[in-house]
Amino acid sequence: MDKLQIVGGKRLNGEIAVSGAKNAALPILCAGLLSSGDVELSNVPRLHDVKTILKLLEQTGLKVTQDDENVTLNGANITSLEAPYELVKTMRASILVLGPLLARFGEAKVSLPGGCAIGSRPVDQHIKGLRAMGAEITIEGGYIYAKAKKLKGARILTDMITVTGTENLLMAATLAEGETVLENAAREPEVTDLANLLVAMGAKIEGIGTDRLVIQGVAELHGAKHAVISDRIEAATFLCAVAATGGDIVLTNTRTDIFDVALDKLREVGLQMDIGSNTIRARMDGRPQPVSFRTTEYPGFPTDMQAQFMAVNTIAAGPSRVTETIFENRFMHVQEMNRLGAFISTEGNTAFIKGVERLVGAPVMATDLRASASLVIAGMAAEGTTLIDRIYHLDRGYDRMEVKLSKVGADIVRIK
Ligand SMILES: CC(=O)N[C@H]1[C@@H](OP(=O)(O)OP(=O)(O)OC[C@H]2O[C@@H](n3ccc(=O)[nH]c3=O)[C@H](O)[C@@H]2O)O[C@H](CO)[C@@H](O)[C@@H]1O
Ligand SMILES: C=C(OP(=O)(O)O)C(=O)O
C-alpha cells in the first residue's frame, strides 16, 4: 500500500495547474449513458475515481476512448442496465447511473451505495424523485430495481439540498415526458457544469445555477463537446497548503468565479490573493489567523474543505471552532492531527481547535479523501518527518498531489 513521506517546514514557491473537478467529472461521465452520440470531454482529471466510474460505464456497454485528460463516450450499444455492488461500494457516485439508465432504457438495477467512512449516504431522495416521475422502484438484496416505460415530468421537492440527488433527477428529467420542476435543487458549480453539458446535448433546462431547475423533456439527446470545470476544492486545498507553510504560489487553470465562502475565509487567515480571470496568486508570511466556520451547501462553506482548513487552524495564532453540518462523521482527521501535536477536541459535530506554535511529524493514517489532504497540509507545516498511510483515499480525488506539491518546493515523496 502506497504511503507519502513528508519532511515539513518548506515554503512553497511556483506554479500549480489545477485539474478538472472530480465532483463534476463523475456525473458528467455518467451523462454519456443518455445519448447514442459521441460525448467528447476534455479536462477530465486523472483520478482513481474516474477509472472506477469508467470501468462501471464500460461494463454497461458504453464505449470509452481515452487519451489522457480527453475522454470520448459513446452510448450507441448499451448491453447491461446494471451497476454491481463490487463497483458501487468503492464509490458513491456510481449511483448516478440510475437516472440516465432508467430514463433512456426504462429499467435499471443499481446497488445501494451504503454508508462510507464520513457518514451514512442515503439515496432516499433520488428514489422519492424517480417515483414521483412514475418509476416503480423496489429494493431487494441491497439493489435498487427501477422500472418505468417512460418517465413522466413531475414537481419534485427534495427534503434537503442534495447534490447527487439533484444530478440524478436532472439527468432523468431530460428524457422524461413533459415538464419536471426540481425545487430545492443544489446550486453547486458542479451541478451547473453537468447542466451545461446536458444543454449542449440538446436538453431543455431553465434556472441553471439556481435552486429551481425546470426541465422540458426531449425525445433524445445527441453528442456534444464539453470541458470539465476546474476543481475548486483542489484549488482551495493548495491555497490552504500555502497558508500553512508560507510562500508564494500561482494557481493556473482555475475558475475564480465559482468559488464559495472558502476564499473569504482564506483572506481572514491572512492569505494575500490576486485573483485573475483563471489564475490566483497567493502569498503568505507568518502565522495564520484562526477562522471559525460551519459547513453548509453552496455557496456556503463546503464540507469538502473542512478538514484542510482545520489543518491550518491547528497552527493558527488563536482558537477556532468548526461545525460540520453535512456529514455526521467527518472529523476522523482530528485524532490524526492530534498525533502531530495539534490541540483539538470535539463535542458532537463541533471541533474546538486551540492553535499551537508548532506541529511535529509522526506516522498518521488517512481515513478518507479530504482527511488525507488535510494530513498532507499538516505534515508540510510540521517539523520533521510525517508518514501518511492509506493514501489510496487521496488518489481517489487528487491528481498526483505529491508531484504537484514537490514541483513547488514541498519535500514529499510517494513510497511504494
Ligand atoms: C450539500 C452538500 O454539501 N453536499 C456534499 C455531499 O454531496 P453528496 O451528493 O454526496 O451528498 P448530498 O448532497 O446528496 O447529501 C447532503 C445531505 O443530505 C443527505 N441526503 C442526501 C440524499 C438523500 O437521498 N438523502 C439524504 O438524507 C445526506 O446524508 C447529507 O447529509 O458530499 C460531497 C462529497 O463530500 C460534496 O462534494 C457535496 O458538497
Ligand atoms: C467525499 C468525497 O467524495 P465522495 O462523495 O465521492 O465520497 C469528496 O469529494 O470529498
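Here is the figure for the stretch 224-236: residues that are crowded, with 19+ Cβ neighbours inside 10 Å and either away from ligand 2 (no atom under 16 Å from the Cβ) or over 16 Å from Leu197 (Cα atoms) (or both) total 8. Within the stretch 242-254, the set of residues being crowded, with 18+ Cβ neighbours inside 10 Å and under 18 Å from the mean Cα position of the chain (by Cα) comprises Thr254 only.
Within the option set Val250, Val199, Val218, being more than 16 Å from ligand 1 (Cβ to nearest atom) and free of Cβ contacts under 8 Å to residues at least 40 places away in the same chain holds for one residue only, Val199.
Test Ile161 against the stated conditions and say whether it is within 14 Å of ligand 2 (Cβ to nearest atom), at pLDDT 95 or above and not polar (S, T, N, Q). Answer is no for this residue. Candidates in the stretch 55-108 are the residues that are among the basic types (Lys, Arg) and at pLDDT 95 or above; of these, the one that is farthest from Gly20 (Cα to Cα) is Arg104. Residues in the stretch 284-300 that are away from ligand 1 (no atom under 15 Å from the Cβ) and surrounded by 15 or more Cβ atoms within 10 Å (Cβ to Cβ): 7 in all.
The residues on offer are Ile78, Ile28, and the sole one that is of a type in the set (Val, Ile, Thr), closer than 20 Å to Ile144 by Cα and touching a residue at least 40 places away in the same chain (Cβ under 8 Å) is Ile78. Each residue in the stretch 401-416 was checked for being part of a loop (DSSP other than H, G, I, E, B) and surrounded by fewer than 16 Cβ atoms within 10 Å (Cβ to Cβ), and 1 of them qualify. Go through the stretch 170-189 and give me each residue that's out of contact with any strand residue (DSSP E or B) (no Cβ under 8 Å at 6 or more places or on another chain) and more than 17 Å from Val97 (Cβ to Cβ). Selection gives Ala186, Arg187, Glu188, Pro189.
In the set (1) without any contact (Cβ under 8 Å) to a residue 60 or more places away in the chain; (2) surrounded by fewer than 23 Cβ atoms within 10 Å (Cβ to Cβ); (3) within 16 Å of ligand 1 (Cβ to nearest atom), Met133 fails one condition alone, (2). Residues that are buried (at least 16 other Cβ atoms within 10 Å of the Cβ) and within 16 Å of ligand 2 (Cβ to nearest atom): does the stretch 65-81 have at least one? Checked the stretch 65-81: no residue is buried (at least 16 other Cβ atoms within 10 Å of the Cβ) and within 16 Å of ligand 2 (Cβ to nearest atom). Restricting attention to the stretch 136-178, the residues being of a type in the set (Val, Ile, Thr), farther than 18 Å from Ala31 by Cβ and either touching a residue at least 40 places away in the same chain (Cβ under 8 Å) or more than 16 Å from ligand 1 (Cβ to nearest atom) (or both) number 3.
Filtering the stretch 108-125 to residues that are under 14 Å from Asn168 (Cβ atoms), under 18 Å from the mean Cα position of the chain (by Cα) and surrounded by 17 or more Cβ atoms within 10 Å (Cβ to Cβ) leaves Pro113, Val123.
The values are calculated or read from the model by the stated rules, or taken from the named source; none is laboratory data. Quantities reported herein were computed from a predicted structural model and do not represent experimental measurements. Every residue, glycine among them, receives a Cβ derived from its backbone with ideal geometry; neighbour counts consider all protein chains shown.
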